[in-house]
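**Student:** The structure that follows is given in the form of structure tokens.
The values are calculated or read from the model by the stated rules, or taken from the named source; none is laboratory data. Small disclaimer: the values here were computed from a predicted structure and weren't measured. Quick reminder, even Gly has a Cβ in these numbers, built from the backbone with ideal geometry, and neighbours come from all protein chains shown.
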Amino acid sequence: MKIHTMIAEDEQLAREELIYLLEKEKDVKLLPSAETGEQLIELYKEHDPDVIFLDVHMPGIHGVAAAKKIMELAYLKVPLFIFTTAYDEYAVEAFEIDAMDYMLKPYDTERFQMTMNRLRNRMQQLERKKERVTNQGIPSSAKLLIDDDDRTVVLSPDAIYYAVPYKRVLEIHTEDKVIHSKMTLQELEKKLQGHDFFRTHRSYLVNLNHIQEITPWFNGASNITLKDKKQTTIPVSRTARKHLFDFFGN
């Protein structure tokens, strides 16, 4: 398994040193590097890295703020963060956002290898957790109990076409009705683990079995059309599009 890795570092020498170290790791695939926090956020949207080596001090949006913004944007997976800096007093701030590790400059080869071992262990843990979640999903014959305004309805997962937050409720769309639930999109997604549902956008959860077609939109994004009576069109972000086509084996 390749570890898709991104570097965010404004100092050229420090960036080149880290690239040199990472290029020696056979299971690492290096993605384009960022020199500012703003550039990192845009590159994250495009490339969806597994891990980001992130300098705490950068022009514009500093490292911790950029990491928090990426965590807000993430909906398929949250990347792991390894912070880099010349000042160890910033370690506490970095770990407040659950950073995986923290490396001081100039980089020590032995310390770097320790970080890479931690990274590989964490990646393996996440993969095993993903497999358990998939294997332990609710059976296809199961029914969901979902609040709908002042009542509770019994709903089959297959009956759901898509769900989207609207104002202060979650709209769950079926073929002939819309359920207004107080649960969050994340809570519904958790209930549907093990079924063919996919976050095409941070605000949309879609039943893949009800997709009729996928059409290009602009800037690498797409739209999907559902098989419902309204032929509902739903956006697919540029990052989600890659994972969607992977699901269908393309």
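**Student:** What is the residue count in region 52-88 for residues that are touching a Pro at 6+ places or on another chain (Cβ under 6 Å) and closer than 21 Å to residue 14 by Cα? If you could, list the steps in order and put the result at the bottom.
**Tutor:** The first filter runs over region 52-88 and keeps only residues touching a Pro at 6+ places or on another chain (Cβ under 6 Å), leaving 52, 79.
The next check asks that each one be closer than 21 Å to residue 14 by Cα; those that pass are 52.
Residues flagged as touching a Pro at 6+ places or on another chain (Cβ under 6 Å) and closer than 21 Å to residue 14 by Cα within region 52-88 amount to 1.
Residues are listed down the side, and each one gets a yes or a no for (1) in contact (Cβ under 8 Å) with a residue 60 or more places away in the chain; (2) in contact with a Leu (Cβ under 6 Å, 6 or more places away or on another chain):
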| residue | (1), (2) |
| --- | --- |
| 182 | no, no |
| 189 | no, yes |
| 201 | yes, no |
| 204 | no, no |
| 216 | no, no |
| 229 | no, no |
| 233 | no, no |
| 238 | yes, no |
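**Student:** Could you list, in sequence order, all residues of region 1-56 that are more than 17 Å from residue 86 (Cα to Cα) and out of contact with any strand residue (DSSP E or B) (no Cβ under 9 Å at 6 or more places or on another chain)?
**Tutor:** Scanning region 1-56 gives 1, 20, 21, 24, 26, 38, 45, 46.
**Student:** Could we say that residue 233 is touching a Ser or Thr at 6+ places or on another chain (Cβ under 6 Å), over 20 Å from residue 73 (Cα atoms) and exposed (fewer than 14 other Cβ atoms within 10 Å of the Cβ) here?
**Tutor:** On the way: touching a Ser or Thr at 6+ places or on another chain (Cβ under 6 Å): yes; over 20 Å from residue 73 (Cα atoms): yes; exposed (fewer than 14 other Cβ atoms within 10 Å of the Cβ): yes.
Yes; evaluated as a whole, the condition is true for this residue.
**Student:** Next question. Under the condition of being under 22 Å from the mean Cα position of the chain (by Cα) and of a type in the set (A, V, I, L, M, F, W, C), which residue from region 213-230 is surrounded by the most Cβ atoms within 10 Å (Cβ to Cβ)? Steps first, please.
**Tutor:** Applying the first criterion (under 22 Å from the mean Cα position of the chain (by Cα)) to region 213-230 yields 214, 216-224.
Narrowing further to those that are of a type in the set (A, V, I, L, M, F, W, C): 214, 217-218, 221, 224.
On the way: 214: 17, 217: 15, 218: 7, 221: 16, 224: 23.
The qualifying residue surrounded by the most Cβ atoms within 10 Å (Cβ to Cβ) is 224.
**Student:** Looking at 34, 14, 66, which is the one that is among the small types (Gly, Ala, Ser), over 22 Å from residue 112 (Cα atoms) and in the same structural domain as residue 120 (by TED's automatic domain parsing)? Full working, then the answer.
**Tutor:** Numbers: 34 fails: over 22 Å from residue 112 (Cα atoms); 14 fails: over 22 Å from residue 112 (Cα atoms).
Criteria check complete, one pass: 66.
**Student:** Considering each of 188, 170 in turn, give the residue that is among the aliphatic types (A, V, I, L, M) and part of a strand (DSSP E or B). Spell out the reasoning first.
**Tutor:** Values: 188 fails: part of a strand (DSSP E or B).
None of the others qualify; the one that does is 170.
**Student:** Can we say residue 40 is more than 23 Å from residue 219 (Cβ to Cβ), buried (at least 21 other Cβ atoms within 10 Å of the Cβ) and either among the small types (Gly, Ala, Ser) or not assigned by TED's automatic domain parsing to the domain that holds residue 238 (or both)?
**Tutor:** Values: more than 23 Å from residue 219 (Cβ to Cβ): no; buried (at least 21 other Cβ atoms within 10 Å of the Cβ): yes; either among the small types (Gly, Ala, Ser) or not assigned by TED's automatic domain parsing to the domain that holds residue 238 (or both): yes.
For residue 40, the condition - more than 23 Å from residue 219 (Cβ to Cβ), buried (at least 21 other Cβ atoms within 10 Å of the Cβ) and either among the small types (Gly, Ala, Ser) or not assigned by TED's automatic domain parsing to the domain that holds residue 238 (or both) - is not met.
**Student:** Related question: Any residue at all in region 22-31 that is surrounded by 17 or more Cβ atoms within 10 Å (Cβ to Cβ) and over 11 Å from residue 3 (Cα atoms)?
**Tutor:** No, every residue in region 22-31 fails to be surrounded by 17 or more Cβ atoms within 10 Å (Cβ to Cβ) and over 11 Å from residue 3 (Cα atoms).
**Student:** Consider region 32-51. How many of its residues are under 14 Å from residue 2 (Cα atoms) and in a strand (DSSP E or B)?
**Tutor:** So the count comes out to 1.
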